[in-house]
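Written out below as C-alpha cells is the structure these notes cover.
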Amino acid sequence: MSMRSASRRDFLRLSAAATAAISLRDLARAAPRLATGGLERRRFGKTDMQVAVLGFGGAEIGYEKTAQETVAKLLNAALDAGLNVVDTSACYIDSEVSIGEAIGARRKEYYLFTKCGHVIADGKRGEDWSKEGVLASVERSLKRLKTDVLDLVQLHSCSKDVLEQGECIEGLELAKKQGKTRYIGYSGDSQAARYAVECGRFDSLQTSCNFVDQECIELTLPLAKEKQMGVVAKRPIANAVWRYEKKPDNGYHEKYWQRLQDLRYEWALGEARTKEGPDGPAGTALRFTAMQPAVDVLIVGTTKPERWKQNATLMEAGPLAKELEAAIRARWKAVAKPDWTGQT
Ligand SMILES: NC(=O)c1ccc[n+]([C@@H]2O[C@H](COP(=O)([O-])OP(=O)(O)OC[C@H]3O[C@@H](n4cnc5c(N)ncnc54)[C@H](OP(=O)(O)O)[C@@H]3O)[C@@H](O)[C@H]2O)c1
C-alpha cells in the first residue's frame, strides 16, 4: 500500500471520527501515527491500525536482561526511524517495565501489544487462564507499561483445550469492553492457532512464520486473511540460526538450526551465511516472511541498538523474486517432517 493511500485513508478516518465526535484523546493518539518513513505500512486486519511492517519483539530484552540504557537507546532510535509496533508480554521478565521506562513518554507514537496468561509471582512462573487472572494481568501490564490503554492484548499460547473452555477469552473480551485494551488476540501455533482463527472471537493472530517454520502458511494464514484478522509474525527471522556453525547450546534455537541443516537452503549455509544486504540470509529471511499471506508485521527480537534500522533497510527491498519464494516453499514441502509443527 502506498504512503499516499494510507494517508488518505487516515484523513478520511479522522474526518469521520470528528463528525462522530470521538474523544480528543483518541484524535491525539491517532495523529502522530501518520508519521512518515521508508518502510511499508499495512492495515492491521480490520482494525484502525496502520502498522510499519517491521515491529519490535520484546522477549530478548527481557530474557537477556538488557541494560536499561541500551533499551532506551534502541527503542528511541527505532521510533525515530519509523517503528510503530512494540510487542511484549507480562512474562518476559522485566521487558514491560523496561519498555515503559524507555518510551512511556512517547506513547502516542506506537501501538503497544502485550500478552497475558503466563505470570510470574513471588519469583515463580505459572499459568493462569481464569477470567480474573486475565483481568489482573492486564491491569499489571497497564501499570508496568505506563499507559492507560493497550492497543492489543493476546492470550500467550494457551492450549486448544484452554481456548475451547473459553474463560480466558471471556476475560479478554471483558478487558476490551472495559476500555483497557482496544483489540484482543491469540498468540500461538498449530492446531490451537487454527482454533483461535476459526472461533471468530479474536481481532488478531500472532504466530511463528519463517523459512524453517512454515506450517502456518497453509494452516492458519489464508483463513486469517479471509476473516480480516491482523497477523503478527513472531520469530520472523528464524532466530537467525544460520549464525551457528555447529548445533547451538541454546535449546530455543536448536530445533530451527536442525531444520535448516535438513532443508539445506543454499543462501543460509556455508559462505552464503556471511553475505550482507537484502539478498543475504537476514534479508532473504525477512523478505520471505513479509510476503506470506495476511502477514502485517514482523516483530524481530534484538538487544542491539542499530539492529532495527539495519533490518528496516533490508526489508525496503520488498518481496523476494517469485522463483526464490517458490523454491523455499517447495523445499519445505519436500523435506518437512510430520512433527515440524509451528514452534512456540
Ligand atoms: N509464544 C509467543 O507468543 C512468542 C514466542 C516467541 C516469540 N514471540 C515474540 O516474537 C518476538 C521475536 O521472536 P524471537 O526474538 O524469538 O525471534 P527472532 O526475531 O526470529 O530472532 C531474534 C534473534 O535474531 C537476531 N537477529 C535479528 N536481526 C538479525 C540480523 N539482521 N542478523 C543476524 N541476527 C539477527 C537477534 O540477535 P541480535 O540481538 O544480535 O540482533 C536475536 O537473537 C519475541 O521478541 C516475542 O515478542 C512470541
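Quick note: the coordinates plus some simple rules give every number you see, no bench work behind them. What you are looking at is a predicted structure, and each value in this text was computed from that prediction instead of being measured. Don't worry about glycine lacking a Cβ; one is built from the backbone with ideal geometry, like all the others, and counts go over all protein chains shown.
Before moving on, here are some points about what is shown:
- Distance between the 7 Å Cα→Cβ label points at Glu245 and Lys333: 3.7 nm.
- Using θ = phi - 60° in the Karplus curve 6.51 cos²θ - 1.76 cosθ + 1.60, the 3J(HN,Hα) couplings for the range 186-198 round to 10, 10, x, 9, 6, 5, 5, 5, 4, 4, 4, 6, 5 Hz; x is entered for Gly and Pro.
- Seen through its C-alpha gyration tensor, with square-root eigenvalues sorted a ≥ b ≥ c, the range 121-240 comes out prolate because a/c lies at 1.5 or above while a/b is bigger than b/c.
- Each part gets one Cα centre, and for the range 284-331 versus the range 165-241 those centres are 19 Å apart.
- Label-to-label distance, Tyr252 versus Glu132, with points set 7 angstrom from Cα along the beta-carbon direction: 3.2 nm.
- The protection proxy used here, the mean number of other Cβ atoms lying within 10 Å of each residue, ranks peptides 51-61, 302-312, 226-236 as follows, highest first: 51-61, 226-236, 302-312.
- Count Lys and Arg as plus one, Asp and Glu as minus one, and take only other residues whose Cβ is under 11 Å from that of Pro278; the net charge is then -1.
- Compared with the dominant Cα axis of the chain, that is its longest principal axis, helix 3-19 is turned about 20°.
- ³J(HN,Hα), Karplus 6.51/-1.76/1.60, whole Hz, each residue of the range 271-286, x for Gly, Pro: 5, 4, 4, 9, 5, 9, x, x, 9, x, x, 5, x, 5, 4, 5
- Helix 322-335 and the longest principal axis of the C-alpha atoms of the chain enclose an angle of approximately 80°.
- Value of Rg/Rh across the range 231-302 [Cα atoms, Kirkwood radius]: 0.96
- Based on Cα contacts under 8 Å between residues 6+ apart, the chain shows a relative contact order of 18 percent.
- Within the listed set Leu135, Leu324, Leu112, the residue fluctuating most in the Gaussian network model of the chain (springs between alpha-carbon atoms under 10 angstrom) is Leu324.
- Only helices enter this figure: runs of n ≥ 4 DSSP H residues, each worth -39500 (n - 2.57), summed and divided by the residues of the chain, yield -12500 deg cm²/dmol at 222 nm to the nearest 500.
- A DSSP coil position with no more than 12 other Cβ atoms inside 10 Å describes none of the GluC sites (Glu not before Pro) in the range 121-167.
- Pairs from Lys46/Lys234; Lys124/Lys177; Lys143/Lys227; Lys160/Lys247; Lys46/Lys180 whose Cα-Cα separation, in the structure shown, is over 23 Å: Lys124/Lys177; Lys143/Lys227; Lys160/Lys247
- If the chain linking Ala105 and Gln310 were pulled fully straight, counting 0.36 nm for each residue of separation and taking away their Cα-Cα distance, it would gain 71.3 nm.
- Choice from Asp80, Asp148, Asp122 with maximal GNM fluctuation in the chain (Cα, 10 Å cutoff): Asp122
- Stretch gain in nm, segment Thr341-Asp80, where the contour uses 0.36 nm per residue and the Cα spacing is subtracted: 90.3 nm
- With Cα atoms, 0 to 90° folded angle of helix 68-81 axis to the chain main axis: 90 degrees
- Global geometry of the chain, whether rounded, prolate or oblate, following the gyration tensor of its Cα atoms and the 1.5 cut on a/c: rounded
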